[in-house]
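A.B. asks: Here you go, one structure.
The values are calculated or read from the model by the stated rules, or taken from the named source; none is laboratory data. Not measured: the values here are computed from a predicted model. Please note: Cβ atoms are built from the backbone with ideal geometry, for glycine as well, and neighbour counts cover all protein chains shown. Heads up: the accessible areas ignore ligands, DNA and RNA and are worked out on the full protein's heavy atoms, side chains in. Shrake-Rupley method; radii C 1.70, N 1.55, O 1.52, S 1.80 Å.
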Amino acid sequence: MSSTEFNNLLMGNADFLRPYAITLTKDSESAKDLFQETLYRALANRDKYLAGTNIRAWLYTIMRNIFINNYRRGNRQFRLLDNATGDYLLHHQQPAIGNYAENGLRVKDVHMAIYNLPPIFKQPFLLYYEGYKYYEIAVILNEPLGTVKSRIHFARKMLKSRIARY
């Protein structure tokens with residue numbers, strides 16, 4: 001199929017996509033973007049279209065996949081809307097500015113809680129915290145692997161109970 005024939009076929013069957021885009025997005029501007037992206041992807045992948053197959057089904061599939069991918073991508077990103085007029089999307093992957101004094105207090109609390117653990121739990125937990133694997137800790141401490149795992153588990157439980165949540 002030539003590119004001219006494909007373009008004519010595409011443009012002749014593209015109008016039915018607009019209502020479907022609005023149904024998916026529930027927003028006219030997002031629907032326009034979805035429609036344009038669908039046509040772009042169809043043109044970019046025209047070599048994958050098999051002549052004689054249902055072009056409407058092919059376009060529906062492209063649109064649905066774009067919508068699903070955008071939806072999933074949107075869920076992974078943190079969005080913050082400004083309450084100013086126009087509600088602008090402010091997310092640009094800028095880190096939040098933290099309260100360093102409060103963070104310092106939390107770190108001190110954690111270090112104090114680790115220091116106050118019984119030595120039988122503290123030693124394997126500190127090795128695990130430094131990045132050693134369970135089996136490496138077992139070799140270093142000359143203890144069975146199950147014992148090391150259990151001591152680290154109980155150390156975590158003790159730390160959770162001793163550290164106050166903010």
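A.B. asks: Could you run through region 134-163 and say how many residues are outside any helix (DSSP H, G or I) and surrounded by fewer than 12 Cβ atoms within 10 Å (Cβ to Cβ)?
C.D. replies: The initial filter retains those residues of region 134-163 that are outside any helix (DSSP H, G or I), namely 142-144, 163.
With surrounded by fewer than 12 Cβ atoms within 10 Å (Cβ to Cβ) added as a condition, the list becomes 142, 144.
Matching residues across region 134-163 total 2.
A.B. asks: State which residue pairs qualify: first residue closer than 11 Å to Phe121 by Cα and inside region 145-160, second residue β-branched (Val, Ile, Thr) and modelled with pLDDT under 95 in any location, beta carbons under 6 Å apart, and separation of 6 or more residues or different chains.
C.D. replies: Every condition considered, the pairs that remain are Val148/Ile137.
A.B. asks: Sticking with this one: Can you tell me which residues in region 106-117 are open to solvent by less than 80 Å² (accessible area, probe 1.4 Å) and free of Cβ contacts under 8 Å to residues at least 24 places away in the same chain?
C.D. replies: Passing the criteria: only Val107.
A.B. asks: Still on this structure, please answer the following. Scan region 13-24 for residues that are open to solvent by 60 Å² or more (accessible area, probe 1.4 Å) and of a type outside the set (A, V, I, L, M, F, W, C) and report the count.
C.D. replies: Taking region 13-24 as the starting set, the residues that turn out to be open to solvent by 60 Å² or more (accessible area, probe 1.4 Å) are 15, 18-19, 22-23.
Right, trim to of a type outside the set (A, V, I, L, M, F, W, C) and you get 15, 18-19, 23.
Number of matching residues: 4.
A.B. asks: Another question about this same structure. Collect the residues in region 1-37 that are in contact (Cβ under 8 Å) with a residue 24 or more places away in the chain and closer than 12 Å to Arg56 by Cα, keeping them in residue-number order. If you could, list the steps in order and put the result at the bottom.
C.D. replies: Filtering region 1-37 down to residues in contact (Cβ under 8 Å) with a residue 24 or more places away in the chain leaves 1, 3, 6-7, 9-10, 13-14, 16-17, 20-21, 24-25, 34-35, 37.
Those that are in contact (Cβ under 8 Å) with a residue 24 or more places away in the chain and closer than 12 Å to Arg56 by Cα: Leu9, Leu10, Asn13, Ala14, Phe16, Leu17, Tyr20.
A.B. asks: Separate question: Quick check on my filter: what residues within region 38-60 are in contact (Cβ under 8 Å) with a residue 40 or more places away in the chain and β-branched (Val, Ile, Thr)? Don't jump to the end; show me each part of the working.
C.D. replies: Taking region 38-60 first, the residues in contact (Cβ under 8 Å) with a residue 40 or more places away in the chain are 46, 49, 51, 55-56, 59-60.
Within region 38-60, Ile55 is the sole residue that qualifies.
A.B. asks: Another question about this same structure. Check whether at least one residue in region 84-95 is open to solvent by less than 60 Å² (accessible area, probe 1.4 Å) and modelled with pLDDT under 75, and report yes or no.
C.D. replies: Yes, the conditions are met somewhere in region 84-95.
A.B. asks: Are any residues in region 31-62 open to solvent by 60 Å² or more (accessible area, probe 1.4 Å), outside any helix (DSSP H, G or I) and not hydroxyl-bearing (Ser, Thr, Tyr), and if so, which ones?
C.D. replies: Listed by number, the residues that qualify are Leu50, Ala51, Gly52, Asn54.
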